[in-house]
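Read through the structure below, which is laid out as structure tokens, and then see the notes.
Only the coordinates and a few stated rules stand behind these numbers; no lab work does. These numbers were taken from a predicted model, which means no experiment stands behind them. Ideal geometry is used to build each Cβ from the backbone, glycine not excepted, and the neighbour counts take in all protein chains shown.
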Amino acid sequence: MKTVCVAGVGMSQWGEVWRKSLRQLFADAALDAIAKSGVDHIDSLYVGCMSGGLFAQQEHLGSLMADYIGMPGLPAMRVESACASGGMAFRAAFFEVASGAADIVLAGGVEKMTDCSGDDATAALATAADQEYEVFHGATFPGLYAMMAHAHMAKYKTTRSMLSAVAVKNHHNGSMNPNAQYPFKIKPETVESSVMVADPLRILDCSPITDGAACAIVCTEEVAKKLGKPYVKILGSGAATDTIQLAQRADLTTIKAATLASARALKMAGRTIKDIQFAEVHDCFTIAELIVLESIGVYEPGCAGPGTLAGETGLDGKFPVNTSGGLKSKGHPVGATGIAQIVEIYKQLTRQAETGRQVKKDLKVGMAQNMGGSGGSSVVHILEVA
Amino acid sequence: MAGIVGYGCHLPRHRIKVEEIAKVWGADAPSYKKGLMLREKSVPPPDMDTITLSVEAARRALIRAQTVNPVDIGAIYIGSESHPYAVKPSGTTVAEAIGATPDIHCADFEFACKAGSEAMFVALSHVESGFMKYALAIAADTSQGAPSDALEFSAAAGAGAFIMGKENLIAECLFTHSYMTDMPDFWRREHEFYPQHAGRFTGEEAYFAHTKGATNAILKKSGMKPQDFQWAIFHQPNGKFPQRVALELGFTQEQIDPGWLSPRLGNTYSGASPIGLTATLDVAKPGDMIMMCSYGSGAGSDAFIWKVTDRIDKVRDLTIRTHKLLDENLTYVDYGTYAKFRRKIHKNA
């Protein structure tokens with residue numbers, strides 16, 4: 001396989017972006033990434049999107065986005081793996097370049113979630129769960145993650161304060177991210193007095209509904225060198241699935257797809273989890289960040305909560321997590337999230353993270369962990385500074 | 001310029017508390033009270049509708065107008081989202097009840113929550129042009145909010161009436177400015193019971209954009225600044241929005257206080273800023289300047305600058321003040337009674 005790099009990244013405005021459509025959001029991010037990288041062409045395009053159809057009544061996104069960035073004729077396809085769609089699109093771009101089939105591929109992700117009502121958005125998101133065995137019976141994503149939270153609290157004595165610490169930390173980081181949907185700091189007591197969604201998860205334990213897009217230029221190292229801009233290498237890519245239904249899992253306190261995807265990415269990279277210095281993980285709910293950190297081996301089971309409470313995952317901690325603000329503060333346009341995680345790892349490794357958010361210590365290797373549904377799929381990438 | 005020669009208000013005495021609605025739907029009452037600054041809202045009893053509310057408010061406006069003979073009123077315009085009939089005007093009944101028929105022009109107005117201020121604008125224009133001596137504008141609603149929807153916590157009832165004329169003014173209209181764009185933020189189609197809305201979009205892109213657009217334009221037109229006014233009234237879909245827009249535009253809490261009724265009254269839709277104006281006139285002094293800005297989804301705002309005259313001191317207490325209607329002789333109802341009053345329980349027969 002060829003060495004594959006990320007030579008530039010771009011993001012659209014994130015938030016409730018009422019005045020921009022699905023295609024405009026994507027074009028904003030794509031043109032930003034193209035401009036920043038300095039590439040004069042791209043060979044193909046992957047668009048990560050969970051549900052253009054349900055959120056915005058638009059499918060056929062490969063064609064649409066190639067057209068709207070002014071490049072009809074480009075090979076382009078939409079990639080879907082629920083909330084892991086962006087990460088999977090990045091993986092597809094990685095393999096196309098690694099195989100030698102293309103030199104420069106645009107990997108993008110987009111979701112336009114506010115063109116429908118909140119109820120319709122909730123229903124669209126629920127299609128990432130098992131419609132016959134979960135959704136039909138009334139389960140929602142907050143409900144599924146709430147069950148995981150209860151199981152984790154019962155087994156490992158994880159506390160309300162530990163969940164709050166995740167939200168507080170991510171909002172602190174997001175307060176320094178100009179792309180964040182909710183760029184403000186919060187206090188534990190604010191989390192703990194916010195509206196209950198699904199016990200024990202309150203509204204400030206949940207990631208929001210967001211419009212947004214993110215793009216990355218994935219290319220060979222030869223191309224990256226020629227461009228003369230800061231770039232990072234993709235050391236490993238791993239993906240995995242698990243039972244889509246929570247009820248079929250032996251243990252609700254771990255996410256097997258994340259464990260497998262992480263192990264596969266580390267194996268490809270020839271590294272161990274101890275070599276990873278920081279990560280963006282899929283904190284769709286506060287409990288998800290804790291479970292993922294344990295599932296990928298950053299913490300022993302039951303130890304992510306105390307570690308987070310002790311500040312170990314903060315910007316100055318021993319293992320910074322979600323320096324971007326995570327899904328919680330930065331927002332969660334589901335199809336774009338996986339690419340936005342790559343954007344943050346790229347910015348941190350190339351020391352381009354905006355004011356105050358740049359991790360002070362020297363960073364060499366970072367990980368992006370993206371996840372679909374309640375852990376029915378996960379995709380992990382390991383990036384290294386060039 | 002023309003202005004107000006008589007004004008009146010009417011509100012139901014029944015109230016329902018936010019907690020009572022929240023209890024039924026499993027909603028979080030503190031978040032409505034804190035987030036939207038709503039405590040309770042008025043509930044129209046079964047024998048009250050836009051027409052009866054309008055009659056009461058119009059009669060009070062006639063009392064304060066003192067010398068206006070109803071037969072001299074050349075037009076009656078009622079702005080409402082809840083005209084009792086889809087086909088048949090509300091204004092004919094009201095005109096008949098106050099003795100203003102038959103030589104009178106009549107139309108019912110519709111523009112979501114700014115139907116009332118539209119009626120005021122057109123009535124003012126007729127009088128200003130010399131087309132007629134007096135014109136009566138009424139803003140009234142028995143607002144609809146779907147069960148369990150956020151709107152159910154605010155949708156309320158009330159009416160404000162204004163007789164426009166050129167002599168014996170209580171408040172002269174110095175400037176108006178209307179501001180409008182096509183905006184799908186809140187709508188109710190024919191045969192639907194309840195309006196639909198687009199959540200926060202309805203706030204940011206619709207309410208705030210238009211109230212600020214209209215207010216900034218009228219300030220520019222008049223060369224005035226927020227501190228030149230004693231009082232200000234903004235459309236009140238909940239308690240929070242009018243307060244936020246006022247403060248963001250540079251007005252103060254003290255300026256909006258008398259007309260800021262929504263935390264206890266709820267959202268009287270077309271009636272909201274006009275009723276706020278009646279409550280403000282109740283406390284205004286001669287020479288005071290009042291900013292008023294309505295908002296109607298779809299969407300637009302009508303802004304008015306009023307200058308209060310000496311006559312206010314003679315007429316304000318000729319009939320009941322708006323705050324007395326808001327504060328006194330209240331009857332609190334439970335959700336079942338409210339559902340019956342609002343005909344939310346559908347029967348076959």
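Return one quarter of the surface area of the convex hull spanned by the alpha-carbon atoms of the stretch B:273-349, equal to its mean projected area, in nm².
Mean shadow area of the hull around the Cα atoms is 8.6 nm².
I want to check the label-to-label distance for B:GLU19 and B:ARG200. Put each point 7 Å from Cα in the C-beta direction and report it in nm to one decimal.
Inter-label distance under the simple model: 3.0 nm.
Would you mind calculating the relative contact order of the stretch A:212-270 from Cα pairs under 8 angstrom and at least 6 residues apart, reporting the percent as a whole number?
40
Convert 37 °C to kelvin, take the viscosity as 0.692 mPa s, use the Kirkwood radius over C-alpha pairs of the stretch A:138-251 as Rh, and evaluate the Stokes-Einstein diffusion coefficient in µm²/s, rounded to a whole number.
Rounded, D is 186 µm²/s.
Looking at the stretch B:17-160, what % of its DSSP beta bridges pair antiparallel, to the nearest 5?
Close to 30 percent.
Under 14 Å from a label point 7 Å along Cα→Cβ of B:GLU172: give me every residue in the stretch B:277-305 with its amide N that close.
B:286-290, B:305
With only alpha-carbon atoms in the gyration tensor, what are the semi-axes of the equivalent ellipsoid for the stretch A:45-162, in Å, largest first?
That gives 34, 20, 11 Å for the three semi-axes.
Label-point separation (nm) for B:LEU247 and B:VAL71, each offset 7 Å from Cα along Cα-to-Cβ?
Placing both labels 7 Å along Cα→Cβ, they lie 5.4 nm apart.
Stokes-Einstein at 37 °C, 0.692 mPa s, Kirkwood radius from Cα pairs: D for the stretch B:97-192 in µm² s⁻¹?
208
What are the lysines whose alpha-carbon lies under 27 Å from the alpha-carbon of B:LYS17, with same-chain residues fewer than 8 places away excluded?
B:LYS33, B:LYS34, B:LYS41, B:LYS114, B:LYS240, B:LYS324, B:LYS340, B:LYS344, B:LYS347
Filter chain B for me: DSSP H helices, axial length by Cα at least 18 angstrom, mean Kyte-Doolittle hydropathy not below -0.5. List them by residue number.
B:50-65, B:115-129
Can you return the aspartates and glutamates within cross-link range of A:LYS360? Criterion is Cα-Cα under 13 Å, with same-chain partners fewer than 8 residues away left out.
A:LYS360 reaches A:ASP316.
Please report the base-10 log of the normalised intensity I(q)/I(0) for chain B, using a Debye sum with one equal scatterer per alpha carbon and no solvent, at each q in 0.09, 0.11, 0.16 (1/Å).
With one equal scatterer per Cα and no solvent, log10 I(q)/I(0) is -0.42, -0.64, -1.42.
Please determine, in degrees from 0 to 90 and to the nearest 10, the orientation of helix A:85-98 with respect to the longest principal axis defined by the Cα atoms of chain A, where the helix direction is its Cα long axis.
On a 0 to 90 degree scale, this one is about 40.
Run down the aspartates and glutamates and flag those whose C-alpha is under 12 Å from the C-alpha of A:LYS155, throwing out any fewer than 8 positions away in its chain.
In chain and number order, the partners are A:ASP251.
What do you get for Rg/Rh over the stretch A:266-386 if you use C-alpha atoms and the Kirkwood form of Rh?
0.92
Contact order normalised by length for chain A, with contacts defined as Cα pairs under 8 Å and 6 or more residues apart; what percent is it?
After rounding, I find 26 percent.
Report the Cα-based extents of the protein assembly as shown along its three principal axes, largest first, to the nearest Å.
Taking max minus min along each principal axis of the Cα atoms, the protein assembly as shown gives 95, 54, 47 Å.
As a test of the formula, what do you get for the protein assembly as shown when each DSSP H run with n ≥ 4 contributes -39,500 (n - 2.57) and the sum is divided by the residue count, at 222 nm and rounded to the nearest 500 deg cm²/dmol?
Theoretical 222 nm ellipticity from helices: -10000 deg cm²/dmol.
With label points built 7 Å along Cα→Cβ from the Cα atoms of A:LYS318 and B:LYS88, find their separation and express it in nm.
Rounded to a tenth, the inter-label distance reads 8.0 nm.
Can you work out ³J(HN,Hα) from phi for every residue in the stretch A:4-21, in order, using Karplus 6.51 cos²θ - 1.76 cosθ + 1.60 and θ = phi - 60°, giving whole Hz and x for Gly and Pro?
Working through the residues one at a time gives 10, 10, 10, 10, x, 9, x, 9, 7, 4, 10, x, 8, 9, 5, 8, 10, 8 Hz.
How much length would be gained if the chain were fully extended between A:SER21 and A:GLU189, taking 0.36 nm per residue of separation minus their Cα-Cα distance, in nm to one decimal?
Full extension of this stretch gives 56.8 nm more.
Give, in nm to one decimal, the length gained when the segment between B:ASP28 and B:PHE193 is fully stretched (0.36 nm per residue of separation minus the Cα-Cα distance).
Going from the current span to full extension adds 56.9 nm.
Take every DSSP beta bridge whose two residues both sit in chain A, then give the antiparallel share in percent to the nearest 5.
The antiparallel proportion sits near 75 percent.
I'd like the orientation of helix A:141-156 relative to chain A: the angle between its Cα long axis and the longest Cα principal axis, in ° from 0 to 90, rounded to 10.
60
For chain A, take the longest principal axis of its alpha carbons; what is the angle in degrees between that and the long axis of helix A:22-37, to the nearest 10 within 0 to 90?
Helix A:22-37 sits roughly 60 degrees off the main axis of chain A.
Taking Cα pairs under 8 Å and at least six residues apart, what relative contact order does chain B come out at, in percent?
It rounds to 25 percent for chain B.
Could you quote the convex hull projected area for the stretch B:212-297, Cα atoms only and averaged over all directions, in nm²?
Averaged projected hull area, Cα only: 5.2 nm².
Could you tell me what percent of the DSSP beta bridges with both partners in the protein assembly as shown are antiparallel, to the nearest 5?
Within the protein assembly as shown, antiparallel bridges account for around 70 percent of the total.
Using only the alpha carbon atoms of chain A, find the Kirkwood hydrodynamic radius as the inverse mean reciprocal pair distance, in angstroms to one decimal.
20.1
How many angstrom lie between the Cα centre of the stretch B:211-265 and the Cα centre of the stretch B:80-99?
Taking the Cα centre of the stretch B:80-99 as reference, the centre of the stretch B:211-265 is 30 Å away.
Quick one: order B:SER80, B:SER125 by neighbouring beta-carbon count within 10 Å, fewest to most.
In increasing order of surrounding Cβ atoms, one gets B:SER125, B:SER80.
How high is the FRET efficiency from A:ASP251 to A:GLU221, r the C-beta distance, R0 56 Å, rounded to 0.05?
0.85
What is the projected area of the convex hull of the Cα atoms of the stretch B:10-163, averaged over all directions, in nm²?
9.7
May I ask for the percentage of alpha-carbon pairs in the stretch A:146-213 that lie more than 13 Å from each other?
Considering the stretch A:146-213, 66 percent of its Cα-Cα pairs are separated by more than 13 Å.
Rounded to the nearest 0.05, what FRET efficiency do A:MET196 and B:THR337 give with R0 = 30 Å and r taken as the Cβ-Cβ distance? Could you check?
So, using R0 = 30 Å, E works out to roughly 0.60.
Figure the gain on full extension for A:MET1 and A:THR159 (residue separation times 0.36 nm, minus the Cα-Cα span) and round it to one decimal in nm.
Once the chain is fully extended between A:MET1 and A:THR159, it gains 52.4 nm.
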